[in-house]
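Notes follow once the structure below has been shown.
The values are calculated or read from the model by the stated rules, or taken from the named source; none is laboratory data. Treat the numbers as computed from the prediction; the structure is a model and nothing was measured. Don't worry about glycine lacking a Cβ; one is built from the backbone with ideal geometry, like all the others, and counts go over all protein chains shown. We work out accessible area using only protein heavy atoms, side chains counted, and drop any ligands, DNA or RNA first. Shrake-Rupley method; radii C 1.70, N 1.55, O 1.52, S 1.80 Å.
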Amino acid sequence: MSEVRELPLVEAIREAYRQEMERDERVFMVGQDIAGGIFPHTKGLVEQFGTDRIVDTPLAEIGMYGTAFGAAMEGFRPIVDFMFAGFFLNAASPILAQTAQFRFIHGSQMSLPMVITGACGAGMRLGNEHAMLVHNMIAQVPGIKVCMPSTPYDAKGLMTAAIRDDNPVAFIWHLGTMMDRGPVPEEPYVVPLGVAEVKREGGDVTLVANGFQYKNAQIVADKLAGEISVEIIDPRTFSPLDIDTILKSLEKTGRLVVVDESWESRSTASEIAAQVVDRGFDLLDAPIRRVTIPNIPLPGGHMEPYVAPNPDAIEAAVRDVCR
Amino acid sequence: MALGKEQMKLLYRNLVRADHFDKMMMNRIMQGKLIGFYHPGDGAMAAGVGASTFLGDNDILNPHHRAHGLGYAAGRGVDVGRYLAEHTGKVDGCCGGRSSFHWSFPEKKMYGASGFIGWHFCPVVGWGWACKRKGNQMVLMASGDGSYGQGGAHEAMLFAMNWKLPIVFFCENNGMAIHSTISDMHPMPDISSLAQGYGMPAVVIDGQDVFAVAETVIAAREHALAGKGPTFVEAKTLRLREHDVGTPDLARAEPREAAYLEELKKRDPVVLATTRVLAEKVLTRKQIDKIYQEAKEEVAAIEKFADESPVAQPSIEELLAGVYVA
């Protein structure tokens, strides 16, 4: 049996774009400088699909987003690329007030099959606007799905699922995972939205982490191996959230640490903690710990390594709940 | 291009119908028989009727918020019974009673209104992009003068000209945005002057003349379908009443003067159109009376339909099932 080929995460995303655009001519991409490619995830696509389907726009997020939003109503399946996910805030009104709520408000008559994507993440010293993770801002609003891959395999599968989904899906990817290599099957496949995965089995503590923080979680689990057995769950999708997989793990471990590269308050970590208390209070042998960004704007400069979640902070939280 | 007699008759009929619909809504909000609010179109129903009556079935139509788009609904052949049922939260409403005044008729390519004035400058780009890709369809995008304060308006005009999108930017300029006058809010009296910066052809017309509006939009539509790109049509109109029924009718902080409003009433589009169809022998007085009678009967049927429809109060489970496509 031949080895599964390895790809960097960013190329796994590109393969999903390419295969889905070959499969369905309604799929197209719109963004700023995607033909040239600020990130390599769109490299070479314009040569294959032309400027009708790899659409560069002026620096104007309302118009850029509107290209996708309006075309989706007319039966196209757009992917709109904000380059940096934080730039979605320039089109937050049409995304959060209209797109997400559109189907419901208009009597569930219309569907808006579109993917909203962008890169983000602490660790590159890009400043708060480029770095901040926006998954929780988007996930608060019903009607839009939100996901973020941790591995190249998930990146291709989640993007394929997002493109094929008939709902708007925000696909956020972390710059700290961009060049991570991992096995990626060549044929198209789907990682279903709304399904978490146990990525490492363990018996002492459930550690929920995603994106770049999934890597930090693995570092901690490796370090503690032999001392504390860590089970790592990757939620993969923030909305809808697969809480059942986490509760099932807690039946075994009784201890929960949630890592979320987001502000401490009103984050996915907060949401998971609340749902676990609601539905799994009796499973808990220790208080839930959240490892997040304190409630301060993410500074540029040299402060990211200790302000953002990191292996030391995760290890301290794991040890704390396992005392 | 001059309109034929049959076209003029249709426009006149739709104008009378739209005027009756608008008055129906004003009556109902004052009787407490309408949800939310109503922004009356009284005296300004010609622009919507003229802009929408001769669109193609595949053309996308974004109605102006004033009169909650009723002039456009009349021209488009929307089921106003379902429209009113929506505005009264009934199960037969066009959106199941969930949207109230954010109504939509996707099957008529009227994709929905929003309380965020100027919201449509975002999707209009994609509507135009899709129409261009598919061919032989265009977008009539109506809005008021106030909405052109939104930054998105400029992004939409920029994209539309860059890509030569088949969009008619149709601006109903009534000189008022709630209590603000256009002279306070825009540096130039004509909103269409903005189009010049993008190299977009623009024209200013009398929005009280339903026939002039229709002639202009027919030409602008042909321009769009010929692949020549967007145009800007500014229809000068007026506002006879307050911004929304029940609020004070102010200009800045002062009540608008009665004598001024009386002067405006002379420009009522129904009066102007009636004078013209009689003068040009398009319709007889007897035919006009019949059109009025039919409009009254239509309104009675619309109200009966909406009033007899049950209030929509689905369970939370049913509502949750409507958020996502399964």
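Values computed for the structure shown
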| quantity | calculated |
| --- | --- |
| Once the Cα gyration tensor of the protein assembly as shown is diagonalised, semi-axes √(5λ) in Å | 53, 26, 21 |
| Residue-averaged beta-carbon neighbours from other chains (10 angstrom radius) around A:54-66 | 6 |
| At 0.692 mPa s and 37 °C, Stokes diffusion of the range B:5-310 via Kirkwood alpha-carbon radius, µm² per second | 169 |
| Computed Rg/Rh of the range B:142-280, alpha carbon atoms with Kirkwood Rh | 1.01 |
| Within chain B, percent of DSSP bridges classed antiparallel, to nearest 5 | 25 |
| Cβ-defined net charge surrounding B:Gly43, 14 Å radius [Lys, Arg +1; Asp, Glu -1] | -2 |
| Calculated Rg and Dmax of the range A:6-183 using C-alpha coordinates, Å | 14.9, 45 |
| Over the range A:6-183, relative contact order from alpha-carbon pairs under 8 Å, at least 6 apart, % | 28 |
| Beta bridges by DSSP in the protein assembly as shown, antiparallel share as percent, to the nearest 5 | 20 |
| Overall Cα dimensions of the range B:180-247 - principal axes, largest extent first, Å | 45, 28, 16 |
| Dipole of chain A, positive end: most advanced residue of A:Pro40, A:Thr151, A:Asn295 [Cβ charges, Cα centre] | A:Asn295 |
| By accessible area with a 1.4 Å probe, ligands and nucleic acids excluded, highest first: order of A:Glu227, B:Glu280, A:Glu197, A:Glu25 | A:Glu25, A:Glu227, B:Glu280, A:Glu197 |
| Expected-Rg normalisation [2.2 N^0.38 Å, Cα atoms] applied to the range A:197-321 | 0.98 |
| Per-residue mean of C-beta atoms belonging to partner chains within 10 Å, peptide B:131-143 | 1 |
| Euclidean distance between Cα centres, the range B:234-301 to the range B:162-187, Å | 21 |
| Helix-derived mean residue ellipticity, 222 nm - over chain B, DSSP H n ≥ 4, -39500 (n - 2.57), to 500 | -13500 deg cm²/dmol |
| Kirkwood hydrodynamic radius (C-alpha pairs) into Stokes-Einstein, chain A, 4 °C and 1.567 mPa s, D in µm²/s | 65 |
| Label-point gap, in nm, between B:Ala251 and B:Leu320 - each point 7 angstrom along Cα→Cβ | 5.5 |
| Shielding score for A:71-78, defined as the mean number of other chain Cβ atoms within 10 Å | 6 |
| Modelled FRET efficiency - R0 56 Å, B:Glu222 with B:Asp307, Cβ distances, 0.05 increments | 0.85 |
| Sequence of A:Arg289, B:Arg66 from largest to smallest accessible area, 1.4 Å probe | A:Arg289, B:Arg66 |
| Spread of Cα-to-Cα distances over 5 Å intervals beginning at zero, given as percent, for the range A:113-251 | 2, 10, 18, 21, 20, 16, 9, 3, 1, 0 |
| Probe 1.4 Å, protein heavy atoms only - accessible area per residue of chain A in square angstrom | 37 |
| For the range A:301-323 and the range A:199-263, distance of Cα centres in Å | 14 |
| Computed [θ] at 222 nm, deg cm²/dmol, chain A (DSSP H ≥ 4; -39,500 (n - 2.57); rounded to nearest 500) | -10000 deg cm²/dmol |
| Rg and Dmax [Cα atoms of the range B:1-69; Å; Rg one decimal, Dmax integer] | 13.8, 45 |
